[in-house]
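The values are calculated or read from the model by the stated rules, or taken from the named source; none is laboratory data. Not measured: the values here are computed from a predicted model. Ideal geometry is used to build each Cβ from the backbone, glycine not excepted, and the neighbour counts take in all protein chains shown.
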Amino acid sequence: MPMPRTVFTIPLIPLVIVGLLLLIGIPAAWYGWREYNRTAGPTSELEATETIEAVALLQAYTADENAANARFNGKVLLVSGTVREGKAPENGLVDVVLETGDPLAGVVCQFAQADVPSALTAGAPARIKGISTGLLMDVVLQRCAIVE
Amino acid sequence: MTRNLLITAALLASLTASAQERYATRTGHISFHSDTPMEKIEAHNHKATSVFDATTGAIEMAVLMKGFEFEKALMQEHFNENYVESDKFPKATFKGKITGITAEDLKKPGSHAVTVEGDLTMHGVTKPVKATGTMGMEPTGAIRATSTFSIKPEDYNIAIPGMVRDNIAKEIAIKVEVDHTKM
């Protein structure tokens with residue numbers, strides 16, 4: 001007499017649940033991991049929310065700092081002006097100061113040392129994209145990139 | 001007329017400043033570090049301002065909160081939006097006094113142990129802070145001040161959500177390195 005064959009069956013509902021969890025879980029985990037490890041991209045690839053002259057930017061901050069903070073802080077700005085000076089590299093960073101007409105305050109653009117074009121010398125016109133962090137003694141822009 | 005007044009004021013200010021032996025910088029480095037078994041977090045800001053009066057020992061520093069840069073963009077966003085609320089409180093300031101050094105000590109190269117004591121204002125809360133550090137003239141002529149101290153986020157009404165509480169240290173180490181030049 002032949003032995004009865006044992007048939008293993010997987011219930012359909014748990015199978016569907018596991019499938020759905022994998023279908024949703026794997027992309028969600030991948031998205032979470034990518035988002036967690038995301039670094040700030042190059043500013044040159046970001047769109048400027050505002051285009052403004054260096055003189056006008058300093059004036060806006062000194063006239064009403066709270067309003068300027070709300071308008072500019074954390075935003076990508078395209079600032080144009082004349083280079084007052086380029087500072088010596090420090091900690092892998094280089095500050096380029098744009099003229100504002102005020103000898104005690106400028107618009108300071110902080111570049112990664114590798115990103116500073118040699119053409120940014122005193123007196124040269126410049127268009128610089130950077131993220132405004134606010135006003136201390138100067139208006140400070142970080143992660144700057146030159147706009148050709 | 002206004003221009004002449006401004007020039008006179010600037011001249012007087014510079015004379016007063018030199019009589020007071022003032023030193024300043026716009027490129028001070030402030031970093032903070034949180035180290036837990038779950039996660040290591042650090043952020044750097046190279047744009048702190050500092051003015052130090054060597055005759056009185058008075059020091060004033062300021063830093064823009066949005067100027068702290070993290071390795072990970074998400075951490076920087078959470079720091080600004082959820083923790084320090086930098087739209088509402090864009091600056092942190094410190095106003096205090098350095099003791100253990102004289103104006104004469106800063107005229108020759110060397111490093112001296114100092115104590116700094118004052119009020120740190122952050123996230124709209126002012127708390128007294130006392131720390132040790134070093135100060136002295138570098139071979140370059142810069143007046144270098146360094147200090148490391150710790151703060152508790154809760155002291156500054158910075159709420160850490162329960163979900164990430166184990167990822168963030170109970171005490172955050174703040175490191176200050178500032179090279180002043182004479183005003």
So, in region B:15-41, of the ones that are within 14 Å of chain A (Cβ to nearest Cβ) and part of a loop (DSSP other than H, G, I, E, B), which residue ends up surrounded by the most Cβ atoms within 10 Å (Cβ to Cβ)?
B:39
Please give the strands (runs of 3 or more DSSP E) falling wholly within region A:68-140 in which 2 or more residues are within 11 Å of chain B (Cβ to nearest Cβ) and crowded, with 17+ Cβ neighbours inside 10 Å.
A:93-98, A:107-112, A:125-135
Counting only residues that are part of a strand (DSSP E or B) and not aliphatic (A, V, I, L, M), which one in region A:45-67 is nearest to the other protein chains (Cβ to nearest Cβ)?
A:50
Scan B:86, B:147 and give me the residue that is without any contact (Cβ under 8 Å) to a residue 24 or more places away in the chain and buried (at least 16 other Cβ atoms within 10 Å of the Cβ).
B:86
Of all residues in region A:31-44, which are within 14 Å of chain B (Cβ to nearest Cβ) and either surrounded by 13 or more Cβ atoms within 10 Å (Cβ to Cβ) or in contact (Cβ under 8 Å) with a residue 60 or more places away in the chain (or both)?
A:38, A:40, A:42, A:43
Answer yes or no: is there a residue in region B:171-181 that is touching a helix residue (DSSP H, G or I) at 6+ places or on another chain (Cβ under 7 Å), surrounded by fewer than 14 Cβ atoms within 10 Å (Cβ to Cβ) and farther than 20 Å from residue B:55 by Cα.
no
When you go through (1) within 18 Å of residue A:133 (Cβ to Cβ); (2) at pLDDT 90 or above one by one for residue A:45, which number turns out not to apply?
(1)
Those residues that are under 30 Å from residue A:100 (Cβ atoms) and in a loop (DSSP other than H, G, I, E, B), I need them from region A:13-44; list them, please.
A:40, A:41, A:42
Yes/no for residue B:160 being surrounded by 13 or more Cβ atoms within 10 Å (Cβ to Cβ), touching a residue at least 24 places away in the same chain (Cβ under 8 Å) and either more than 24 Å from residue B:25 (Cα to Cα) or touching a helix residue (DSSP H, G or I) at 6+ places or on another chain (Cβ under 6 Å) (or both)
yes
